[in-house]
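Trainee: Attaching a single structure in structure tokens format; questions to follow.
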Amino acid sequence: MKKTFKEKLTFERHLYLIQLSSIILTVLTCAVISLFVNISSQFQIIGDNLLSTANTLSVAPSIIDSIERGSVTSSCRLFLEDFLNDMPVVDNVELIDKDGICLYHSDVNFIGKKVSDHKIAISKENTDKLTTKKGLDNRRYRIACSSVTGNNGETIGYITVCILYRRQFDTIWKSVPAYIIATCLMIAMGCVFAATLVNLVRRHLKGYDPEQFSQIYDGNVNVLNNIDEGVIAINTEGRITIVNNIGRDILGLPVIPYDRVPILDVLPESCLLEVLKTEQAIYNEHTILHGKNLLITHLPLFSNGQLVGAASLFHNAQIINEMAEKLENANNMVDTLRAFNHDFMNKLHVILGYLETDHIEEAKNYLLQSSMGSSRSISQISRIISHQGIAAIVIGKVIRATELNISLKLVPESYCRELTTGIAPNIYVTIMGNLLQNAMEELNSCEQALKEIQLTIFIDAESTYISVLDTGRGMPRELIEKVIEHGFSTKGTGRGTGLYLVNRIVDDLDGSLKIESEPGEGTVVTVMFRRQVRPE
């Protein structure tokens, strides 16, 4: 079966024909409008020139004198003949007295005749007028009439300056060929422009035909809709370009078109605009959205070295958290064992030193004291914190603090019966790990006499309260708000991510992060949040 002409047209030819048709229509419309405006302006210029000429002649002394005499003087006749010779654009000048009798006409046969009614009507209004009427020779003229005033200020007659109506068009139509040539040139340029546009489209489509590119795009969309990750992407204007089915499900979005919708209208909390601004990726961000624990990676998108947009990859963190919890627990246990080993080696060196110097009694006392202290501390932590992974990181930090001559104590009133509903264990590890590490680094870098950290935790199914107090140098109020900014640190470059990360996690959980500090009084950082209920 043969295809019709319309079916044979490819997208490129459709684009070319539409663009070319638009250009031709635009050029022709502009040419017609321009020609019309030019003709109108030329008519206006000719009319203004006629009126100006009539006004100038009306005050000529020889013309005034001739009308007052009732006959044209020789000097007036010579003046008007010279005027007509010098002004080839003017076809006739008529000198009329107040009774409508023609005193002068370029054709002497009309001298002395009564002027037609239309001129009398114009003249009786005693105003300058421009009109198109038949003259005394029955030919169509464009006539400018001006009144002539005598010495006493009264109108004594009229003078008309005439041009044949068709002569105006002869002058105006001389410019039409130029318009036609210009129009043809613009249409030719339009053809070149349309062809260039088609080639530009193909070049931006990596050499593919639009139909081929459309097939590739549809294939990519099918792939995106069938992967197990949610994907949402925006362009440099912050408008959505892609959101796959999994992404809609994870984000709780209705099934409607989102092409070119501003990202902030759909996800006000999205940080993709920040990624566009900084051109820096944000990896593995934990957040709670619509009751789901998500792990999100935000990436800037580049093409040929130029930023073209940004994308977020959403992972349902439930399975990842389960794996991460096992791995985190194992890592924390390894860190704790490593810390135990390091602490044991240090104590062994001390005991060997006592033995080498024959201080056997001191070695016994040191061994008993250190063993009892460590056992009590570990026993207390294990009793208060039931979750192995969280208990392991606290124990590891306690041992590390001891190595740094820092006292890290878990407040006895603390409790952790069970984790708060909807909160992954790795979130606790991240929060407590960063807060304790910051406090230890502060005390290790200062010369305070008392180096002590107090950890307070109240964790149950409904809510979480974590507080870390250190006896460090503290900080002035103007720095408190800055310490949660990304990259800000008083400890040098390459730092400033700990409190920033904690703050982001707390914000995602609709919780609060409070920092209290005074110079010389130490610092207290408190984190609070409540259970996260998933929708049914």
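The values are calculated or read from the model by the stated rules, or taken from the named source; none is laboratory data. What you see is a predicted model, and the numbers here were worked out from it, not measured in a lab. When we count neighbours, we look across all protein chains shown, and the Cβ atoms used for this are built from the backbone with ideal geometry, even at glycine. Note: areas computed on protein heavy atoms with side chains; ligands, DNA, RNA excluded. Shrake-Rupley method; radii C 1.70, N 1.55, O 1.52, S 1.80 Å.
Trainee: Does any residue of the stretch 62-75 turn out to be of a type in the set (S, T, N, Q), surrounded by fewer than 17 Cβ atoms within 10 Å (Cβ to Cβ), in contact with a helix residue (DSSP H, G or I) (Cβ under 6 Å, 6 or more places away or on another chain) and not in a helix (DSSP H, G or I)?
Mentor: Yes - at least one qualifying residue is present in the stretch 62-75.
Trainee: Additional query: For the stretch 447-480, which positions are of a type in the set (Ser, Thr, Tyr) and open to solvent by 40 Å² or more (accessible area, probe 1.4 Å)?
Mentor: Within the stretch 447-480, just Tyr465 meets the criteria.
Trainee: Ok, one more. Here is a check on your reading of the model: is Val483 of a type in the set (A, V, I, L, M, F, W, C) and either open to solvent by 70 Å² or more (accessible area, probe 1.4 Å) or more than 23 Å from Val394 (Cα to Cα) (or both)?
Mentor: Judged against the criteria, Val483 is a match.
Trainee: Within the stretch 408-446, which residues are of a type in the set (Ser, Thr, Tyr) and open to solvent by less than 20 Å² (accessible area, probe 1.4 Å)?
Mentor: Result: Ser414, Thr420, Tyr428.
Trainee: Starting from the stretch 383-399, take each residue that is under 20 Å from Asn438 (Cβ atoms) and open to solvent by 10 Å² or more (accessible area, probe 1.4 Å) and list its partners that are modelled with pLDDT under 80 and among the charged types (D, E, K, R), counting only C-beta distances under 6 angstrom and pairs at least six apart or across chains.
Mentor: If the second residue must be modelled with pLDDT under 80 and among the charged types (D, E, K, R), the pairs left are Gly396/Asp335; Ile399/Asp343.
Trainee: Considering only residues of the stretch 133-164 that are surrounded by fewer than 17 Cβ atoms within 10 Å (Cβ to Cβ) and outside any strand (DSSP E or B), which is modelled with the lowest pLDDT?
Mentor: The selected residue is Asp137.
Trainee: From the residues in the stretch 209-249 that are β-branched (Val, Ile, Thr), modelled with pLDDT of 60 or more and more than 26 Å from the chain's Cα centre (by Cα), which one is surrounded by the most Cβ atoms within 10 Å (Cβ to Cβ)?
Mentor: Ile246
Trainee: Might you let me know whether the stretch 39-50 holds any residue that is among the small types (Gly, Ala, Ser), on the phi > 0 side of the Ramachandran plot and open to solvent by less than 40 Å² (accessible area, probe 1.4 Å)?
Mentor: Looking through the stretch 39-50, none of the residues is among the small types (Gly, Ala, Ser), on the phi > 0 side of the Ramachandran plot and open to solvent by less than 40 Å² (accessible area, probe 1.4 Å).
Trainee: For Ala31, are the conditions met, namely being aliphatic (A, V, I, L, M), within 30 Å of Ala178 (Cα to Cα) and open to solvent by less than 40 Å² (accessible area, probe 1.4 Å)?
Mentor: The answer is yes for Ala31.
Trainee: So which residues in the stretch 475-526 are under 14 Å from Leu435 (Cα atoms), β-branched (Val, Ile, Thr) and modelled with pLDDT under 85?
Mentor: Residues satisfying the conditions are Val483, Ile484, Thr497.
Trainee: From the set of residues in the stretch 109-132 that are at pLDDT below 80 and touching a Cys at 6+ places or on another chain (Cβ under 7 Å), which is surrounded by the fewest Cβ atoms within 10 Å (Cβ to Cβ)?
Mentor: The extreme case among them is Asp128.
Trainee: Here's another thing I want to ask about it. Those residues that are more than 25 Å from Arg167 (Cα to Cα) and open to solvent by 50 Å² or more (accessible area, probe 1.4 Å), I need them from the stretch 79-100; list them, please.
Mentor: Result: Lys98, Asp99.
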